[in-house]
Amino acid sequence: MYRVSIPPLLLQPLVENAIRHGIGNRIEGGTVKLTTFETEGEYWFVIEDSGVGIESEQLSRLPASGSDRRQGVGLLNINKRLRHEYGMDLRMYGYASRRTEIGGN
């Protein structure tokens, strides 16, 4: 994955969100893990945290699609950049009480 070039500040807001919303309020702390891999000609960047997780319904309300601009603009901006640079959308998967993964290819 060293040869893959990605736009600046594409992953940083996602890692920051994992810390702030995933593990930030946990007294015992937690972990944030960034995994990258290539499969079938696609490059994947997965940010995973050991926080409380997120319900699928709540995840669907996040502003990556532009549905609610009153919330933060980080996910919306990342999605716009992915569409512009690569013609694809940000993909988010939530697991209540386990972990949250946000990634793209």
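The values are calculated or read from the model by the stated rules, or taken from the named source; none is laboratory data. Worth saying up front: this structure is predicted, and the values here are computed from it rather than measured. Don't worry about glycine lacking a Cβ; one is built from the backbone with ideal geometry, like all the others, and counts go over all protein chains shown.
The set of residues from region 31-57 being at positive phi and either in contact with an Asp or Glu (Cβ under 8 Å, 6 or more places away or on another chain) or surrounded by 12 or more Cβ atoms within 10 Å (Cβ to Cβ) (or both) comprises just one member, Gly53.
Which of the helices (runs of 4 or more DSSP H) contained wholly in the chain include at least 1 residues that are modelled with pLDDT of 85 or more? Steps first, answer last, please.
Working: elements: 12-17, 56-60, 74-86.
In the chain, the matching helices (runs of 4 or more DSSP H) lie at 12-17, 74-86.
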